[in-house]
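What follows is a set of notes on a single structure, which appears directly below.
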Amino acid sequence: MRSKSTQLEDIDAKRAVLRKYGHVVSRARMKKALDGVWLGKKHNHKMDPLFDYDVLLHLGIPATKGLANEMMRAYFDNREKDSNPRKIAPGARRLLKFLEKNGIITGVISDSVVSWGRRWIERHSLPIPQHRIIISNEAGMDKSGVKIFRLFLKNIQKEFPLIHAGEILM
């Protein structure tokens, strides 16, 4: 769970976007809007693309997809600066290289609203070819659906047989 100060930084990142467009919203009001939308169970996940759109409506601010997307990007940019970012598990790179050397195909199917997942993979220099990385928002598919896994299989069908399709090693 993220610390209270990091959660406040997330809220402030969204508030900064609104302030840029002349909308001043207090932390308390923003938190209430975020909680109201989340607790209203209108979305399966806080990273649903329409989550921030509904937050804007909850705040009484004219909602546009562009503004909602900018709020979401600010949130993810703040998460990347998190003082306790996810780290790759010790030995994971070595394991991925070993698997690849022994004919086992590895790849990533990431459930990500923005390209945060791809940036995480690139930042950690994982030895995974680009055509084996599928980011849900880039593919326009939900990770919980079967289509994204079929797309992954299609991308690697000319390579070695697939042993396992799973997530990043952490």
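The values are calculated or read from the model by the stated rules, or taken from the named source; none is laboratory data. Worth saying up front: this structure is predicted, and the values here are computed from it rather than measured. Because the Cβ atoms are built from the backbone with ideal geometry, glycine has one as well, and the counts that use them run over all protein chains shown. Note: accessible area is taken over every heavy atom of the protein model, side chains too, but ligands, DNA and RNA are not part of it. Shrake-Rupley method; radii C 1.70, N 1.55, O 1.52, S 1.80 Å.
Values computed for the structure shown
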| item | result |
| --- | --- |
| Distance in nm between pseudo-label sites at LEU57 and SER5 (7 Å out along the Cβ direction from Cα) | 3.7 |
| List HIS131, HIS124, HIS58, HIS23, ordered by accessible area with a 1.4 Å probe, largest first | HIS58, HIS131, HIS23, HIS124 |
| Simple label model, 7 Å out from Cα along Cβ direction - ASN102 to ARG119, nm | 3.5 |
